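The values are calculated or read from the model by the stated rules, or taken from the named source; none is laboratory data. On a predicted model such as this, the values are computed, not experimentally measured, just so you know. Cβ atoms come from the backbone with ideal geometry, glycine included; neighbour counts cover every protein chain shown.
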Amino acid sequence: MPHEPVTTKPIEGQKPGTSGLRKKTRTIMEPHYLENYVQSTIDGIGGVSGATLVVGGDGRYFNDRAIQVILRMLAANGAAGAIVGQGGLLSTPAASHLIRKRGTAGGFILSASHNPGGIDADFGLKFNGPNGGPASEAVTAKIFEATTKISAYHIAEAQEVDLGTIGTTALGGMSVEVVDPVADYAALMESLFDFPKIKALFTSGFRMRFDAMHAVTGPYATAILEDTLGAAKGTVINGTPSPDFGGGHPDPNPVWAKTLMDEMYGDDAPDFGAASDGDGDRNMIVGPHQYVTPSDSLAILAAHAHRAPAYASGLAGVARSMPTSGAVDRVAAAQGIECYETPTGWKFFGNLLDAGRVTLCGEESAGTGSDHVREKDGLWAVLLWLNILADSGQSVADLMAALWRDYGRCYYSRHDYEDVESDRAHAVMNGLRARLASLSGTQVGGLTINFADEFAYDDPVDGARTEGQGLRIGFEGGARVVFRLSGTGTVGATIRMYLERLETDPEALSQPAEEALRPVVDAALALSDLKALTGRDGPNVIT
């Protein structure tokens, strides 16, 4: 498409993290900022000439205008086609599925996941490859290198594309196909689960509440849960996507999904509660008066996946991120299947899924998924839970009690210290890192340390080594603490402290988690000197 290249120069700080580039919205809106990064992505993947790509996002502020820029840049760079969700909307798992189903060269996903939206909040952009999964570290390294060398970008001068109408139009020599964002994904879900059995569950009087948190999953959940499966109207709350997520924080945890938690812990609680995040790839599960940790949820799904048609023949293997509790390890051992421990970031599951080594994956940060796409998938996890509830005839409480009875209970919690000044956060990590080699065999707070290391991962498929993935300290008896700096924020640093203790005594499986974990918390704070170094009396969020 005829155009004049726009002269530019590198902009510092455009290094993609585990989920692409995330910045403050106002930063992304600065002159040349978005264009530089999009062109660097195009150059980093080897160009898009003759290719078709998927484009869509979570509907947050600036999503619509950014998509118009991306489409004009794809056209100017010689792309043959773009497939866009109507209104610019596509959940991250739906985008992954669309890339795979249509055999495209990849896609641009516009989202900052669970981060708040708005002009004074956060924005994000990532590239997913032809397998539907996040770009590999090798590809993101090439994208970053391109950001440091860019001298010009290509963008067509053209009118905006009508994203509100389904159909195909032309943007110069590139076709732009606007598709229903829900239809293909809903058909995929129906192929995986026993929809008649789940529908019968709702017909029996089973009540559910799904909090879409004013985010992208609203239309998907309404179409599938209410319109197809027959859940009562109003089952889905906060179901209309909003540029600022209704002024809320679209992170499905007990703190930010307080409306749902209040109902689930009320006198007339529904039988099942769930929530999803900004771009639809995370989930929270809660029963009446019972929050299910993401780690326990992963273990339940692994133990009962065979109840859904897609997984009736069993699992090839499972994988979890390193900070996730060992609950699923114990289920995998009982089933005689492999359990892989990977760094945080869904890209690390991609190789295992593509190689057929695992069927089910999960992260402690509320992400679970399977080999149906190459992303975590919030609504998929909710539907698998519903399939399990419908097939087993058990309640959430019944399933949890059986899990702990059969495999022991991994008491688990995550403490987030958010927006810590970077130098203070690094002082905590560097101070602890310097002491790791001397900790084994020592005692702290009555606990004996039996290992201390910095997690590194050797990919069993391609042999790639990934280092610096978190500081681990293990105690005798199965307790563990992990320290990591989050890569998903946009300012300062978030110190995440993951705490775990295994309990196998049948008489001690119903303790409050904070009580069971108190010795581990005390030991972790003593070892890290976190309070003194950060000036924080406690975490911002406990999940």
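Hey, any hits in region 354-367 for a residue that's within 24 Å of Leu509 (Cβ to Cβ), in the same structural domain as Lys199 (by TED's automatic domain parsing), of a type in the set (Ser, Thr, Tyr) and at pLDDT 95 or above? Checked region 354-367: no residue is within 24 Å of Leu509 (Cβ to Cβ), in the same structural domain as Lys199 (by TED's automatic domain parsing), of a type in the set (Ser, Thr, Tyr) and at pLDDT 95 or above. For region 357-392, what are the residues that are in contact with a strand residue (DSSP E or B) (Cβ under 9 Å, 6 or more places away or on another chain) and either of a type in the set (Asp, Glu) or assigned to a loop (DSSP other than H, G, I, E, B) (or both)? Passing the criteria: Arg357, Val358, Thr359, Glu363, Glu364, Ser365, Ala366, Asp371, Arg374, Glu375, Lys376, Asp377. Residues considered: Ala156, Ala146. Of these, the only one that is in contact (Cβ under 8 Å) with a residue 60 or more places away in the chain, surrounded by fewer than 21 Cβ atoms within 10 Å (Cβ to Cβ) and in contact with an Asp or Glu (Cβ under 6 Å, 6 or more places away or on another chain) is Ala146. Determine whether Asp162 is assigned to a helix (DSSP H, G or I), in contact (Cβ under 8 Å) with a residue 12 or more places away in the chain and surrounded by fewer than 20 Cβ atoms within 10 Å (Cβ to Cβ). Spelling it out, it is not the case that Asp162 is assigned to a helix (DSSP H, G or I), in contact (Cβ under 8 Å) with a residue 12 or more places away in the chain and surrounded by fewer than 20 Cβ atoms within 10 Å (Cβ to Cβ). Candidates Asp251, Asp281, Asp262: the one that is closer than 21 Å to Val541 by Cα, modelled with pLDDT of 95 or more, part of a loop (DSSP other than H, G, I, E, B) and not aliphatic (A, V, I, L, M) is Asp281. For region 193-212, state whether one or more residues are farther than 20 Å from Leu90 by Cβ, of a type in the set (Ser, Thr, Tyr) and surrounded by fewer than 20 Cβ atoms within 10 Å (Cβ to Cβ). Among the residues of region 193-212, at least one is farther than 20 Å from Leu90 by Cβ, of a type in the set (Ser, Thr, Tyr) and surrounded by fewer than 20 Cβ atoms within 10 Å (Cβ to Cβ), which makes the answer yes. Test Asp211 against the stated conditions and say whether it is acidic (Asp, Glu), at pLDDT 95 or above and under 22 Å from the mean Cα position of the chain (by Cα). Yes; evaluated as a whole, the condition is true for this residue.
Could you tell me which numbered condition Lys101 fails, if it satisfies all but one of (1) in a helix (DSSP H, G or I); (2) basic (Lys, Arg); (3) in contact with a strand residue (DSSP E or B) (Cβ under 7 Å, 6 or more places away or on another chain)? Unmet condition: (3).
I need the full set of residues from region 284-311 which are under 19 Å from the mean Cα position of the chain (by Cα) and assigned to a loop (DSSP other than H, G, I, E, B), in order please. The answer is Thr293, and nothing else.
Criterion applied to Leu533, Leu517, Leu499 was being surrounded by 17 or more Cβ atoms within 10 Å (Cβ to Cβ), under 22 Å from Pro254 (Cα atoms) and in contact with a helix residue (DSSP H, G or I) (Cβ under 6 Å, 6 or more places away or on another chain), and the one residue passing it is Leu499. Contact list please: Cβ distance under 8 Å, first residue in region 235-253 and within 14 Å of Ala275 (Cβ to Cβ), second residue acidic (Asp, Glu) and assigned to a loop (DSSP other than H, G, I, E, B), pairs at least six apart or on different chains. Hits for this filter: Pro250/Asp277; Asp251/Asp277; Pro252/Asp277. Within region 124-156, can you find the residues that are among the aromatic types (Phe, Trp, Tyr) and either touching a Leu at 6+ places or on another chain (Cβ under 6 Å) or closer than 28 Å to His372 by Cβ (or both)? Passing the criteria: only Phe127.
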